[in-house]
Amino acid sequence: MQLDRALQHKILTELTDCFPNPSSQDFFDQLIAQHSQDHVLGNLLYLDGHGLIKLKTDQGLNHKEVLWTLTEPTVQAFDFLANDGGLSAILNNGSVKPDNHAGTDQANKFNQI
């Protein structure tokens, strides 16, 4: 499988633009018509593996079948596309304050950060 950043961006944009409604089956069918089914599935699995989408699949006879209209973007997808860190950056931002009773060596480590 080859990673296809343009395809991944197209998928993420489609899913986030439609949210909270599902993307159309027609959009997915067009992706398959433009690319191979394995190529699209591989990139969907990649996005799912990175937590950017919640991919819904069903095991068919010869391969996994994508349940496209049940596939959703995650909050990480929105933050990724916004490229601003999103709420995740704000909520995960903690500060460390050195203990006044810590030794000089430990205080110096905090000053170097």
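Looking only at region 1-52, count how many residues are in a loop (DSSP other than H, G, I, E, B) and of a type in the set (A, V, I, L, M, F, W, C).
So the answer is 4.
Taken together, the residues in region 53-79 that are surrounded by 14 or more Cβ atoms within 10 Å (Cβ to Cβ) and part of a helix (DSSP H, G or I) amount to 6. Among residues of region 1-23 that are in contact (Cβ under 8 Å) with a residue 24 or more places away in the chain and under 12 Å from Y46 (Cβ atoms), those with a Cβ under 8 angstrom from a residue that is assigned to a loop (DSSP other than H, G, I, E, B) and of a type outside the set (D, E), sequence gap 6+ or separate chain, pair up as D4/H35; L7/H35; L12/L52.
Looking only at region 84-100, decide whether some residue is in contact with a helix residue (DSSP H, G or I) (Cβ under 6 Å, 6 or more places away or on another chain), at pLDDT 90 or above and either among the acidic types (D, E) or not in a helix (DSSP H, G or I) (or both). No, region 84-100 contains no residue that is in contact with a helix residue (DSSP H, G or I) (Cβ under 6 Å, 6 or more places away or on another chain), at pLDDT 90 or above and either among the acidic types (D, E) or not in a helix (DSSP H, G or I) (or both).
The values are calculated or read from the model by the stated rules, or taken from the named source; none is laboratory data. Just so it is clear, the structure is predicted and the values come from calculations on it, not from any experiment. Cβ atoms come from the backbone with ideal geometry, glycine included; neighbour counts cover every protein chain shown.
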